[in-house]
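Have a look at the structure below, then the notes.
The values are calculated or read from the model by the stated rules, or taken from the named source; none is laboratory data. Quantities reported herein were computed from a predicted structural model and do not represent experimental measurements. Quick reminder, even Gly has a Cβ in these numbers, built from the backbone with ideal geometry, and neighbours come from all protein chains shown. In case anyone asks, the SASA skips ligands and DNA or RNA and just uses the protein heavy atoms, side chains included. Shrake-Rupley method; radii C 1.70, N 1.55, O 1.52, S 1.80 Å.
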Amino acid sequence: MDHFPVFMAVAGRRIVLSGGGDAALAKLRLIMKTTAHITVLADDPAPEIESWANAGKLTLIRRAMEPGDAMCAVLFYAANEDDAEDARVAAIAHADGAKVNIVDNLGDSQFITPAIVDRDPVVVAIGTEGAAPVLARAIKADLEAKLPASLGILARIGKTFRHAVDVLPMGSKRREFWQGFYFKSGPEAIEQHGEAGVLPALETLLDQRVASAQVQGHVDLVGAGPGDPDLLTIKARKALDAADVVIHDRLVTSDILELARREAVIIDAGKEGFGAAMSQEAINDLIVKHALDGHHVVRLKAGDPTVFGRLDEELDACAEAGVEARIIPGITAASAAVANIGQSLTKRGRNSAVRLITGHDTKGYADHDWQALARPGEVAAIYMGKKSARFIQGRLLMHGADPATPVTIVENVSRVDQRTIATTLGELEPTLTRAKLAGPALTFLGLAPRDAAQHALQFEEAAV
Ligand code: SAH
């Protein structure tokens, strides 16, 4: 972010603009929404500017800018549509101490003006740092359509009512109250009774909510998918949107955590493979404690919570504490990884079953039905299999598996640094060690990428 969005206090302060043509008009239409004192300097102002001056909406000075004109101004716009004149007036404004914007000249401007959706006092500012004005316009149009026109009135009246709502417990109860007000009962009251209907609607809604306030929190055990936020389910997004507390594991990416409600408390309960940063019991206690405090807890787990996710222990802890828990499934790493290599987990005529296995469990390297896994055509997705690769390779070869069996490792599935390594069981080690994997990785036994040549090549490049 090269530009940091802030809302500047301009009430009663000066904003000065040099220019009288179309660019000046466009900017004036925006800044006239404020309560600032506006001064326009123009030799030849457009008729609109003259009529705004006559109506007392701004002060018009009919001449080119001179030193001192931007004295005490907080903001200054150079909108002459003439590079030389804009540079001249910008230099004067700098010297006068104002922050300067030169219209259509991002590089020489100290601030830029966003696209605005105005539901004063609710104002949405949209900026793309000059990169995509079309996008800004599309987002603006979308928001204009989505936000009720009455939102500004509702916000103003709602503000006077904030203290009354203190009777509701903090967190989801209060949030639900305001959501009900802004998006349902408030707009309905305005539609039926105009502005006068808003306060009675607030009072009725509060009475209803106070009556049903003694409700406890609940827990959503949510699958975050393999990393790409676009692979979240809509249910998962809604849960993140509503959460009071988010407790996430180590593999959940920051892009996904960004989607949590801004006020949500975010807790990292990350565990490294083998050793534990936070014990499972401590995590269980944390989840239950926050739910009993009346919060909506989102327990966010990489992939699908039902796959190597220690879900049952958390469900049991909730049940024991009498806390309601709901599972929201996610895309497990194996599903996303096969999508990447263009293969199916099961395939008619090749394998009618697929195993999801773990390289290690709480006791160390995990044992499996090696005999069955060693048979030709078997497919297994091996989770947490980096450290145990040599062990798995040895066991399979010992039970008669063909060393030429394809093996594919996909690291950082669905993330920007995703990497695919195609090898064979015989070569699994040392290939894996040589690949120096840094991120989470999934190993497929019995699957080669559909386009194996391409992936083999990629790896050769990565290995040098
Ligand atoms: N519940 C998760 C799995 C948790 S176990 C799921 O359904 O995907 C952790 C293991 O999952 C990691 O060691 C790795 O083998 C695999 N994994 C999780 N996310 C991954 C990703 N983005 N890329 C590759 N492997 C991943």
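Dipole size of the chain about its Cα centre, with +1 on Lys/Arg Cβ and -1 on Asp/Glu Cβ: approximately 980 debye, rounded to the nearest 20. What shape does segment 14-146 take by its C-alpha gyration tensor, where a ≥ b ≥ c are the square roots of the eigenvalues and a/c under 1.5 counts as rounded, a/b above b/c as prolate, and the rest as oblate? It is prolate, given that a/c is not under 1.5 and a/b is the larger ratio.
Once the piece of chain linking Asp285 and Thr362 is laid out straight, how much longer is it, given 0.36 nm per residue of separation minus the C-alpha distance between them? Before the final figure, lay out each step's value.
On the way: separation 77, 0.36 × 77 = 27.72 nm, distance 1.97 nm.
Using 0.36 nm per residue and subtracting the Cα-Cα distance, I get 25.7 nm.
Using a 1.4 Å probe on the protein chains only, how many percent of the accessible area of segment 151-238 belongs to carbon and sulfur?
On the way: 2730 of 4890 Å².
Carbon with sulfur: 56 percent of the solvent-accessible area.
Quick check for you: with a 1.4 Å probe and neighbouring chains kept, what is the accessible area per residue of segment 164-211, in Å²?
Details: 2760 Å² over 48 residues.
Accessible area per residue, segment 164-211: 58 Å².
Neighbours of Val246 by Cβ distance under 13 Å: Lys/Arg scored +1, Asp/Glu scored -1, total -2. Using a probe of 1.4 angstrom and keeping all protein chains present, the accessible surface of segment 335-461 works out to 50 square angstrom per residue. Since only Gln192, Ala319, Ala302 are under comparison, the one whose Cα sits farthest along the positive direction of the charge dipole of the chain, derived from C-beta charges on Lys, Arg, Asp and Glu, is Ala319. In this structure, the amide hydrogen of His296, modeled 1.01 Å from its nitrogen in the peptide plane, lies closer than 5 angstrom to those of Ser172, His218, Asp244, Val245, counting only residues at least 5 positions away or on a different chain.
Cross-link reach is defined here as a Cα-Cα straight distance under 23 Å, omitting same-chain residues fewer than 8 places apart; for Lys184 the lysines meeting it are Lys140, Lys146, Lys159, Lys173, Lys235, Lys238.
Calculated accessible area for segment 26-137 comes out at 52 Å² per residue, all protein chains present (probe 1.4 Å; ligands, DNA, RNA ignored).
In debye, nearest 20, what is the charge dipole magnitude of segment 14-146 about its Cα centre with +1 on Lys and Arg Cβ and -1 on Asp and Glu Cβ, if you could check? All intermediate terms of the calculation are to be shown ahead of the outcome.
Numbers: 13 positive and 20 negative charges, 127 e Å.
Dipole size: approximately 600 debye.
Distance between the pseudo-spin-label points of Glu263 and Ala26 (7 Å out from Cα toward the beta carbon): 3.8 nm. Using a cut-off of 20 Å between alpha-carbon atoms, which lysines can reach Lys363, once sequence neighbours fewer than 8 places away in the same chain are excluded? Of all the lysines, those that pass the test against Lys363 - Cα under 20 Å, at least 8 places apart if same chain - are Lys271, Lys386, Lys387.
In whole angstrom, how long is each semi-axis of the equivalent ellipsoid of segment 77-183, when you take the square root of 5 times every eigenvalue of its Cα gyration tensor and sort them from largest down?
Values: eigenvalues 316, 59, 25 Å².
Semi-axis lengths for segment 77-183 are 40, 17, 11 Å.
Here the chain is described by how far its Cα atoms reach on the three principal axes: 94, 62, 39 Å, from widest to narrowest. As an exercise, use a Förster radius of 25 Å and the Cβ-Cβ distance of Ala145 and Met170 to find the FRET efficiency, rounded to the nearest 0.05. Taking R0 as 25 Å, the efficiency between Ala145 and Met170 is 0.15.
Which length gain, in nm to one decimal place, applies between Ala138 and Glu313 when the Cα-Cα distance is subtracted from 0.36 nm times their residue separation? Present the calculation step by step, with values, prior to reporting the outcome.
Working: separation 175, 0.36 × 175 = 63.00 nm, distance 4.59 nm.
The span from Ala138 to Glu313 would gain 58.4 nm if fully extended.
The Kirkwood hydrodynamic radius of segment 164-211, based on inverse pair distances between different Cα atoms, is 10.8 Å. Let a ≥ b ≥ c be the square roots of the eigenvalues of the Cα gyration tensor of segment 218-331; is it rounded (a/c under 1.5), or, if not, prolate (a/b larger than b/c) or oblate? Rounded, because the longest to shortest axis ratio a/c is under 1.5. Measuring r between the beta carbons of His37 and Arg348 and using R0 = 60 Å, the FRET efficiency lands at 0.20.
Take the solvent-accessible surface of the protein heavy atoms, probe 1.4 Å, and return the percent of it on segment 14-146 that carbon and sulfur atoms account for.
Working: 3650 of 6790 Å².
Roughly 54 percent of what the probe reaches on segment 14-146 is carbon or sulfur.
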